[in-house]
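So the structure is just underneath, and the comments pick up after that.
The values are calculated or read from the model by the stated rules, or taken from the named source; none is laboratory data. The structure presented is a predicted model; accordingly, all values stated were derived computationally and were not measured. Methodologically, a virtual Cβ is constructed for each residue, glycine included, from the backbone with ideal geometry; neighbour enumeration extends over all protein chains shown.
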Amino acid sequence: MDRKTRWPANLFLTFVNLMALGALPVSLVSAAVWARANGLGLLNRVALPAALAIAATLLLRGFVSFGTHWLMHHVPPLLALPIASTTSTRSWT
């Protein structure tokens, strides 16, 4: 894919990500408040200092992101999904 085709797509995806990330904190906070009110979630069952709870949440989120990324590159059916950020040319046939 040449640069003239790639750059508009990348700029569009950057714009979409910025819009989505702007709404994300509201939805995450709302989900956390709902989970706490309903007694759901591991961190709601264990009393941790706020700093440790934040660190545990970020660490878990990092592992989930890594796991998703790894799966997208190692599970053949996922390689076929039309995801713009994946430019793998690996063939599984």
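When the stretch 1-17 is filtered for residues that are more than 22 Å from the chain's Cα centre (by Cα) and β-branched (Val, Ile, Thr), only Thr5 remains.
When the helices (runs of 4 or more DSSP H) confined to the stretch 7-85 are screened for residues that are out of contact with any helix residue (DSSP H, G or I) (no Cβ under 6 Å at 6 or more places or on another chain) and at pLDDT 85 or above, those reaching at least 2 such residues are found at 50-74.
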